[in-house]
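S.K.: I am attaching a structure below and will ask some questions about it afterwards.
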Amino acid sequence: MGVPGCPRCVCAKMNANTPVTSDELLHLSDNGFRYELVAGELKKKPLQGWRNGMICGHLLAILGQHARSHELGQVLGARCGFLLASVPDTLRVTDVAFVAKDRWPPQDPDAVFYPGAPDLAVEVVSPGDTTGEVDEKVRAWLDAGAEMVWVVNPMWRSVTVYRSATDIKTLTENDELDGEDVVPGFRCRVADVFANL
């Protein structure tokens, strides 16, 4: 059984347990899911709800304004793919990402997916995400070279900041989120991330 809207070549590969490439991923239709690749294996993710969309919107606005006004780099929105490994391909999607000015634009300006990890990857936990899935994605970002990962948890109204597998801190609404040396000068109250929710 295939994926609705999926080209036959991709579905055939999925059924034969053959790695899918990032180029083939481009040809999947938007059928209510978003997709990632992990070592060539297609991973289906449900679309996010409006709460997650609001959180992403808040972070895009405040991070984007700060990055633009200080000429630090580019802030990228949801559904932007980052090609972390090739043959087999691993392509991950952030909810929000920051790429520093000295790494922008990508070396291949015609590439559809950004080659490598962003400097900052932001993951907003969805209702269907398991702890294992979130941990796996944090590890993937850090292993691929991201300098910082923020995991935003709407249920707990918290942000967990990862600099490595051992340098981890969890911030609550009373705390301040700091871009540290990754997004220099950026600061906002964690409560602002969850405003109007």
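Read-outs throughout are calculated quantities, based only on the coordinates presented, and are distinct from any laboratory measurement. Predicted model only: the values in this text are computed from it and were never measured. Neighbour counts are summed over all protein chains in view; Cβ atoms, including those assigned to glycine, are modelled from backbone coordinates with ideal geometry.
S.K.: Those residues that are surrounded by 14 or more Cβ atoms within 10 Å (Cβ to Cβ), without any contact (Cβ under 8 Å) to a residue 60 or more places away in the chain and in contact with a helix residue (DSSP H, G or I) (Cβ under 8 Å, 6 or more places away or on another chain), I need them from segment 171-197; list them, please.
M.R.: 171, 173, 175, 177, listed by residue number.
S.K.: So which of 97, 117, 111 is more than 20 Å from residue 193 (Cα to Cα) and within 12 Å of the chain's Cα centre (by Cα)? Before the answer, list the steps.
M.R.: Numbers: 97 fails: more than 20 Å from residue 193 (Cα to Cα); 111 fails: within 12 Å of the chain's Cα centre (by Cα).
Within the list 97, 117, 111, the selection yields 117.
S.K.: If a residue has to be among the hydrophobic types (A, V, I, L, M, F, W, C) and not in a loop (DSSP other than H, G, I, E, B) to count, how many in segment 153-192 make the cut?
M.R.: Within segment 153-192, the first condition is being among the hydrophobic types (A, V, I, L, M, F, W, C), and the residues that meet it are 155-156, 159, 161, 165, 168, 171, 177, 182-183, 186, 188, 190-191.
Narrowing further to those that are not in a loop (DSSP other than H, G, I, E, B): 159, 161, 168, 171, 177, 188, 190-191.
Of the residues in that region, 8 qualify.
S.K.: Also, quick follow-up: Being within 26 Å of residue 101 (Cβ to Cβ) and surrounded by 15 or more Cβ atoms within 10 Å (Cβ to Cβ) is the filter here, so list the residues in segment 158-170 that pass it.
M.R.: Listed by number, the residues that qualify are 159, 161, 162, 163.
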